[in-house]
Amino acid sequence: MTTELSSLPRIAPLPLGRAWLVLVVVVLAELMDLVDTSVANLAGPSIRADLGGGPMTLQWVLSAYTAAFALGLVTSGRLGDLLGRRRLFLLGMAGFTLASLACGLAPGAGFLIAARVGQGLFGSVLIPQGMALVKVVFPPEHLRKALMPMGPVMGLATVAGPILAGWLLHLDLFGSQWRAIFLINVPFGVLAGVLGWGVLPRHSGEDRGTRLDLLGVGLLTAGSALLIVPLIQGRDLGWPAWTFVLIAAAVVAFGLFGWSERRSGHPVITPSLFGKRGFVVGLLIVGGFYASLSAFVLVLNLLLQSGLGWTPLHAGFALVPWAVGTAVATLASGAVLAEKLGRTGLHLGLAVTVVGLLALWWSTAHWGDALTAANLAPALFVTGAGSGLLFIPLFDFILGDATPAEAGPGAGVLNAAQQFAGALGVAALGTVFFARAGESVFTAAELVFGLCAGVCVLALALVGLLPKHAAR
């Protein structure tokens, strides 16, 4: 949720029937984004087998979306204020739908990567506007009731995503192979766009006094691109000198971004956020955790499909215990544990995640090519449960003491950090995996699972720097 919700000017809410239709449109958009990420991970080996290219190609197909999505999230909330949330929501939905069509029709790997960048950019425009619209169309007394279904729906999507991807790849509709996972967005995008055109309010409390710091946006984008490109391409090319030059240039760009933010009258990131311990430490924890999570999902899919020769459908069903563990623990954490346990809940979530990753490492090392879905299920369920216990309380700590003026920009940075950390995890730990996979895919997977556990241990140590309870 990247647009400031708590301080949006209140306008007259819509009749409840129309407000619920707005929620349906927003949920459709959220589901398209969530499912798109999970299905692409599962389809990675099939995409590589069809379009060719080396490990670098697969890393780009996955990272292009998340990196572009992260970069767009930082500014999309402010763009909604400038240009209108209805307009940007419909533009984002149309662009995301067309980019999905382009992905499904891609004639080669380069075209697919470019289309994935388009998907990410339009998705970053689309998603933040939706929740801001929900905030203003419901009367205050009905808003909490409206948001209650979001958690279970997202949890169900987490479970259904891998199964849907495996099923579509298994059916191979009209010989579409992996292309169906992107083409399925098209009818849902058209439906959401048409419905949104009819029900979204034309005015939703925008702040037309908002300004966009183009220099800050440019420096942040340049720094991020300069970092991701060498991380993905360096290993395949033997780490030539220019990769280190780009990494050094990224450090310079981020330094200039920090300098420009201090001088800007309309900074991209509200500077006062970095004076809050919970926000700074929480972002570091988010970075490590999401980098590990994204790398773990990528490597597990490669292990199951490329290493063991499983079909995508088989691999999709094997991931269900992880998705179920995540969904169940997220609901339990939001309903019971987050408020009662405080910082201890974060320790618990990360500790359980570490146990699950170590169990996954042991299962891979112990069973080898005799690995089955049943062997994997306990470790995957525990890993998912740890992740689910962490999500809600961690976000409470990061944004709990944010003022109304800081809440929107802070949420934007948080969501961007999640996505960008995921892209870096795929780039860095994916590179480690492919560097060792030539010797043994099992040894390579064990190494990455161990590294993911190690990164989560570092995040666990950082939790001690947070206050004992999230601010309210």
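Bear in mind these aren't lab numbers, they're just calculated from the coordinates by the rules spelled out. Because the structure is predicted, anything quoted here is derived from the model rather than measured. Positions of Cβ are backbone-derived with ideal geometry, glycine not excepted, and every protein chain shown enters the neighbour counts.
Points worth noting:
- Kirkwood Rh, angstrom, segment 418-472 [1 / mean 1/r, Cα pairs]: 13.0 Å
- Segment 219-293-segment 426-472 distance, computed between alpha-carbon centres (Å): 19 Å
- Net charge of Cβ neighbours under 12 Å - reference Asp50; Lys, Arg +1; Asp, Glu -1: +1
- From the alpha carbon centroid of segment 87-126 to that of segment 169-201 is 12 Å.
- Computed from label points 7 Å out along Cα-Cβ, the spacing between Leu171 and Glu439 is 4.3 nm.
- Ser306-His366 pseudo-label distance in nm [points 7 Å out on the Cα-to-Cβ vector]: 2.7 nm
- With a Förster radius of 45 Å applied to the C-beta separation of Arg18 and His266, the computed FRET efficiency comes to 0.85.
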